[in-house]
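Contents: one structure, followed by commentary.
The values are calculated or read from the model by the stated rules, or taken from the named source; none is laboratory data. Note that this is a predicted model, so its numbers are computed, not measured. Backbone-built Cβ (ideal geometry, glycine too); neighbour counts: all protein chains shown.
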Amino acid sequence: MNRYIPLSFVREEALKLGFQDCGAAKAGVCEHSNLDYWLENKYNADMDYMSANYDKRIDVNKLFEGAKTVFSFLISYNTTAEYVDNKLIATYALGNDYHKVLKQKLFTLLQTIQLKYPDFEAKICVDTVPILERQWAVESGLGWIGKNSCLINKRYGNKVFLAELICNYESDYSEKQNNACGNCNKCIESCPNKAIVSEGVIDCNKCISYQTIENKNNIPSNINLSNYVYGCDICLNACIWNNKAEKVNNKEFEPSEAMLNLIRRIEDGNLEKSDFNQARKHSPIERVKYDKLLDNIEFAKSQSFEK
């Protein structure tokens with residue numbers, strides 16, 4: 001006898017925890033042609049971990065034996081908080097570390113589900129698990145993948161975090177949304193380094209986010225950071241769907257005082273390691289070391305690209 005859980009129940013409980021939406025897709029092998037093309041052309045730069053666990057990335061049954069359903073969850077970090085767009089640090093990094101926030105929400109959700117469905121088992125996936133989360137979000141009806149490779153949701157735009165539960169229950173499966181980018185190329189045109197090489201494909205070698213976070217070597221001299229020193233919002237901000245997106249009251253992702261202080265210190269040229277250590281305690285910015293951030297700052301300051 002197949003186990004079954006209504007999507008409406010999972011979505012209702014997820015919304016109570018602060019997620020903006022939830023969808024479901026039948027577990028199996030995921031569409032992965034863009035991943036193959038990306039890896040074949042070495043667009044992953046030196047992120048070798050993206051080519052590891054390939055079988056798991058494309059097939060959730062290799063991640064969770066007996067998988068029946070992938071529930072995808074969406075939460076926006078486009079908050080109602082009033083602050084000036086700093087053009088230094090990507091918006092997603094200004095609040096609490098989304099890895100920890102989303103994992104805690106999904107653990108709570110899993111416990112709630114198991115109170116009603118005791119034999120419900122699931123694997124929690126948040127970013128670092130080898131799963132094609134954007135494609136599963138598409139399969140779950142949460143949006144479509146834009147030309148800048150980010151998921152776009154009609155209501156909440158593209159400043160969203162994604163997470164998944166791979167479970168042993170069947171459910172009601174969502175209808176996929178049509179891609180609504182049309183002929184718009186604003187994200188492609190906005191990138192100062194032309195990192196968007198084809199629809200849905202980013203060459204990380206040219207990407208500001210990669211260069212300021214993942215690249216452990218010197219940033220190539222031809223890369224324009226456009227003043228960013230951690231991550232980048234340029235192609236996100238250019239998207240028309242993001243510009244008319246509904247903002248949310250998600251307190252966890254509002255800029256922390258420590259991060260706002262870090263930005264002020266960078267702008268004033270008075271940054272101390274203690275400022276960085278304080279800011280990184282609860283932020284995703286802990287992905288970089290202090291020396292890497294200093295190098296990024298100096299590189300951005302030294303540039304003389306024509307504006």
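Tabulated results
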quantity: Per-region count, segment 155-211, residues more than 26 Å from Leu94 (Cβ to Cβ) and β-branched (Val, Ile, Thr); calculated: 3
quantity: Single residue of segment 138-173 satisfying the filter (over 21 Å from Thr108 (Cα atoms) and acidic (Asp, Glu)) that is surrounded by the fewest Cβ atoms within 10 Å (Cβ to Cβ); calculated: Asp172
quantity: Scope segment 31-52; condition assigned to a loop (DSSP other than H, G, I, E, B) and in contact with a Lys or Arg (Cβ under 8 Å, 6 or more places away or on another chain); matching residues; calculated: His32, Asp46
quantity: Any chance Pro255 is in contact with a Leu (Cβ under 7 Å, 6 or more places away or on another chain) and either touching a residue at least 12 places away in the same chain (Cβ under 8 Å) or surrounded by 22 or more Cβ atoms within 10 Å (Cβ to Cβ) (or both); calculated: yes
quantity: Segment 28-42 residues that are within 18 Å of Trp136 (Cα to Cα), paired with ones that are part of a helix (DSSP H, G or I) (beta carbon under 6 Å, 6 or more apart); calculated: Val29/Ile58; Cys30/Ile58; Cys30/Gln135; Glu31/Gln135; His32/Ile58
quantity: Any hit, segment 161-178, residues being part of a helix (DSSP H, G or I) and acidic (Asp, Glu); calculated: no
quantity: Qualifying residue in segment 13-25 (condition: within 22 Å of Ser209 (Cα to Cα) and either in contact (Cβ under 8 Å) with a residue 60 or more places away in the chain or in a helix (DSSP H, G or I) (or both)); calculated: no
quantity: Segment 39-65 - residue that is touching a strand residue (DSSP E or B) at 6+ places or on another chain (Cβ under 8 Å) and within 18 Å of Leu162 (Cβ to Cβ) and, of those, surrounded by the most Cβ atoms within 10 Å (Cβ to Cβ); calculated: Val60
quantity: Segment 205-218, residues that are in contact (Cβ under 8 Å) with a residue 40 or more places away in the chain and more than 16 Å from Tyr290 (Cα to Cα); calculated: Asn205, Ser209, Tyr210
quantity: Pairs, first over 21 Å from Ser209 (Cα atoms) in segment 234-246, second surrounded by fewer than 21 Cβ atoms within 10 Å (Cβ to Cβ) and among the charged types (D, E, K, R), C-beta under 6 Å, six or more apart; calculated: Glu246/Arg155
quantity: Qualifying residue in segment 89-105 (condition: in a helix (DSSP H, G or I) and among the β-branched types (Val, Ile, Thr)); calculated: yes
quantity: Among the candidates Asp119, Asp127, residue that is on the phi > 0 side of the Ramachandran plot, of a type in the set (Asp, Glu), out of contact with any Asp or Glu (no Cβ under 7 Å at 6 or more places or on another chain) and outside any helix (DSSP H, G or I); calculated: Asp127
quantity: Wholly enclosed helices (runs of 4 or more DSSP H) of segment 219-307 bearing at least 3 residues at pLDDT below 95, within 28 Å of Ala45 (Cβ to Cβ) and in contact with a Ser or Thr (Cβ under 7 Å, 6 or more places away or on another chain); calculated: none
quantity: All positions within segment 131-140 that are within 23 Å of Ser198 (Cα to Cα) and either part of a loop (DSSP other than H, G, I, E, B) or touching an Asp or Glu at 6+ places or on another chain (Cβ under 7 Å) (or both); calculated: Ile131, Leu132, Glu133, Gln135, Trp136
quantity: Subset of segment 120-137 that is surrounded by fewer than 23 Cβ atoms within 10 Å (Cβ to Cβ), at pLDDT 95 or above and hydrophobic (A, V, I, L, M, F, W, C) - its residue that is nearest to the chain's Cα centre (by Cα); calculated: Val126
